[in-house]
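The next block holds one structure in the form of structure tokens; read it before the comments.
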Amino acid sequence: MIDYELESDEQDLLHSYEHDELAQVTNVEEEKGKAFASAKVTLEKTRNINIRLSEHDLYKLKALALEEGIPYQTLAASILHKATKR
């Protein structure tokens, strides 16, 4: 199991949960909507990465992208997205 260091607000929340001190909000649907929107924004963020590929794989990736009429970075991102979506 991986141990994570919690920030102070996370520690406070965990303490409240462990001591049964949490109370339900009155506007549950509104709060759910805010949480959903926040999670969606977080998951839609893009990040740059560096990846090492063999020259042959890069050549084939660029050739496939050319056939599709899209940039090779877009094709690579699409392939990774499909693979991680399972």
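No value in this document is a laboratory result; all are computed from the given coordinates. In this text, all values refer to a predicted model and were calculated from it rather than measured experimentally. Positions of Cβ are generated from backbone atoms using ideal geometry, with glycine treated the same way; all protein chains shown enter the neighbour counts.
Filter the stretch 61-86 down to residues that are under 17 Å from residue 47 (Cα atoms), surrounded by 12 or more Cβ atoms within 10 Å (Cβ to Cβ) and either in contact with a Ser or Thr (Cβ under 9 Å, 6 or more places away or on another chain) or β-branched (Val, Ile, Thr) (or both), then give me how many there are.
The qualifying residues number 2.
Just to be sure I understand, how many residues within the stretch 2-20 are more than 30 Å from residue 78 (Cα to Cα) and either surrounded by 10 or more Cβ atoms within 10 Å (Cβ to Cβ) or among the aliphatic types (A, V, I, L, M) (or both)?
Residues meeting the conditions: 9.
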